[in-house]
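Inspection log for the structure reproduced underneath, given as C-alpha cells.
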Amino acid sequence: MVKKKAKKQSKRKKTEKESKIRTDVWQLVMTSKQRQLAILTVAEYRYFLKPLVLISYWNWGKLSQLNSNERVNTQELLIHKTADNPNPKYYWYFHKAVGNHPSFRKFPSYLRRAAIQDALGIVSSFVTRWDAWKRGERKHRYDQPPRLTAMCNSYPALYKGQQVKYHSNFDAVDLKVWSGTDWGWMTNIPVKKHGKSVGSSGTVKARKFINPARDIDRRDQRKQRIARASKLTRKITNQDLPKGFCQGLYRKSKNINKHIAQSVSRQIVEFAQKHHVSVIVFEDLSNWKAKGGKHGSLSKQRFHQWCKDKLVELTIQKFSELGGKVSKVNPKYTSAYAFDGSGLIKRSNQKYSQAVFQNGKRYNADLSASYNIGARYWYAILTNSKFTRVWEGRSMPSNKVKGSSQTLRTPVTLSTLWGLSKA
C-alpha cells in the first residue's frame, strides 16, 4: 500500500510539473468606452480573486495533496452553490459581497475557474518561497520572510469561445466584459498587429504540433515483431538470416513510413495556406546521421526510419504547385540553445521533449527549435547573409594567428530578431 501511494503521488507531481500555460500578448484597438469596460472587468476579477487566495491558503494542507484538476474542483466546491452542492463552506462570503459587487451574482463559470487557478498558483508560489526561506535559502542573511499577497495585480485568463471569440484571420476579437450591470459581449475589437507566421520582427503568431503518433506506433510494432523474430531465428539456427526474411513486415513498415511523409507534408502545406505563409523553412538535414540509441535498438531504428528527406521532397512538390517557396537553414544548435537568448538548454529528466532554460523556464524543446529555425531564415534575409550562417555578429577570429583572442559567439535564435527589430 505504501509503495502504491508513493507511486501515485510521484505521478501527480510529474503531471503538475508538465502542465504549463503559455500566453500571447496582443495589442487591441479600443475606444475610450471599451477601455473603461475592460478596466472595470479586470477590477471585478481582482475583487473576486482576493478571497480565493485566502481560502486556498486556509485549505492548502488538503489541496497540496491533490493534482491540478482536483485542486480546482475541490476549491470550486468550497465556494460555488449548485443543486448537488447546496451548502458550500465559504458561500456566505460571496453571497454577502453581492451587495458591493453585483458581478459576483452571475460571475462567468470559466472566469471563476480561471480565478481559482490563479489563486492556487499564488498560494503555491508563496508556500514554496516560505519553505525555502525556512531552510535558509536566502540571497542575504537577514532577508525578511515572503508575504502572501491577497490583492494581486492579476489579469483574467480568457477561454476561447466562452470569454473571447476570434474573427476570421484573427483581425478582430469579441470579449465578454462586465458593463456595471450585467455580463455581455463587447464585439468587433480590432487587433493592431495580426497575421500568421514567424515574422521578421521575431513575433510568433501561429503554431501547430503535427504528430502522427498512431502511424508511428503501427510502424514500430512491426519493427518490434521483426526484431523478435530475428533474435529467435538466430538463436535456433545459429546462422545469418535468410534472404527475404520477414519481407512482408518490412514492406508494410516501409509503406507506413511513406504514408507518414505524405500525411505530415499535407498538413504542413495546409497550415501554411491557412495562415498565408509564403515560405516554409526546414533544417538542412541532408547529411545528418543518426547517433541516438544502441546498435539494433528500437530507438536507433526510429532514427533511421525518420523520413526527413522524403518529407521535405513532398512538401516542396506540393507547396511549389501553390506558388510557395521552401528554404533550408543550417540546423546547428537550433535545439541546443533557447529561443529567448538565455543560452544552452538542458533536457528534463522526467520528459525528454521538455527543455529547461538557464533562466528556469520550461518549454517544449521542438517548439523552441522551430522558432530558431524560422529566425535563421529571417536573419539571412535581413542581414543579406547565407542560410548556412549559424552565428550572429562577426565570425570567430582564426586561431592560426598568434595573439588573437577568441570572442564569445551566440547562435542565431529568435531573440536575435528581437534585437534587430529594436536596432
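The values are calculated or read from the model by the stated rules, or taken from the named source; none is laboratory data. Just so we're clear, the structure is a prediction, and the values are computed from it rather than from any experiment. Cβ: placed from backbone, ideal geometry, glycine included. Neighbour counts: every protein chain shown. Keep in mind that these areas ignore ligands, DNA and RNA; they rest on the heavy atoms of the full protein, side chains included. Shrake-Rupley method; radii C 1.70, N 1.55, O 1.52, S 1.80 Å.
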Phe107 meets each of (1) among the hydrophobic types (A, V, I, L, M, F, W, C); (2) assigned to a helix (DSSP H, G or I); (3) surrounded by 12 or more Cβ atoms within 10 Å (Cβ to Cβ) with one exception, condition (2)
For region 195-230, give me each residue that is part of a loop (DSSP other than H, G, I, E, B) and open to solvent by 80 Å² or more (accessible area, probe 1.4 Å). Arg207, Lys208, Phe209, Asn211
Residue pairs within 6 Å by beta carbon, gap of at least six or interchain, first lying in region 132-156 and under 21 Å from Ala119 (Cβ atoms) and at pLDDT 80 or above, second open to solvent by 100 Å² or more (accessible area, probe 1.4 Å) and of a type in the set (D, E, K, R), listed first then second, are Pro146/Arg129
Residues satisfying the stated conditions in region 240-276, i.e. assigned to a loop (DSSP other than H, G, I, E, B) and open to solvent by less than 100 Å² (accessible area, probe 1.4 Å): Leu241, Pro242, Gly244, Phe245, Cys246, His275
Mind checking which residues of region 130-178 are in contact with a His (Cβ under 9 Å, 6 or more places away or on another chain), exposed (fewer than 15 other Cβ atoms within 10 Å of the Cβ) and not in a loop (DSSP other than H, G, I, E, B)? Asn169
For Phe282, are the conditions met, namely being under 14 Å from Glu313 (Cα atoms) and of a type in the set (Phe, Trp, Tyr)? yes
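Yes or no, residue by residue, for (1) crowded, with 16+ Cβ neighbours inside 10 Å; (2) at negative phi; (3) in a helix (DSSP H, G or I); (4) polar (S, T, N, Q):
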| position | (1), (2), (3), (4) |
| --- | --- |
| Val72 | yes, yes, yes, no |
| Glu76 | yes, yes, yes, no |
| Asn87 | no, yes, no, yes |
| Trp92 | no, yes, yes, no |
| Ala114 | yes, yes, yes, no |
Complete set of residues in region 101-121 that are under 17 Å from Val42 (Cβ atoms) and over 32 Å from the mean Cα position of the chain (by Cα): His101, Pro102, Ser103, Phe104
Among the candidates Thr187, Thr237, Thr233, Thr181, which residue alone is of a type in the set (Ser, Thr, Tyr), farther than 26 Å from Phe107 by Cα and open to solvent by 60 Å² or more (accessible area, probe 1.4 Å)? Thr237
Restricting to region 203-244, name every residue that is among the acidic types (Asp, Glu) and in contact (Cβ under 8 Å) with a residue 24 or more places away in the chain. Asp215, Asp220
Would you mind finding the one in Leu367, Leu314 that is over 23 Å from the mean Cα position of the chain (by Cα), open to solvent by less than 20 Å² (accessible area, probe 1.4 Å) and within 30 Å of Arg218 (Cβ to Cβ)? Leu314
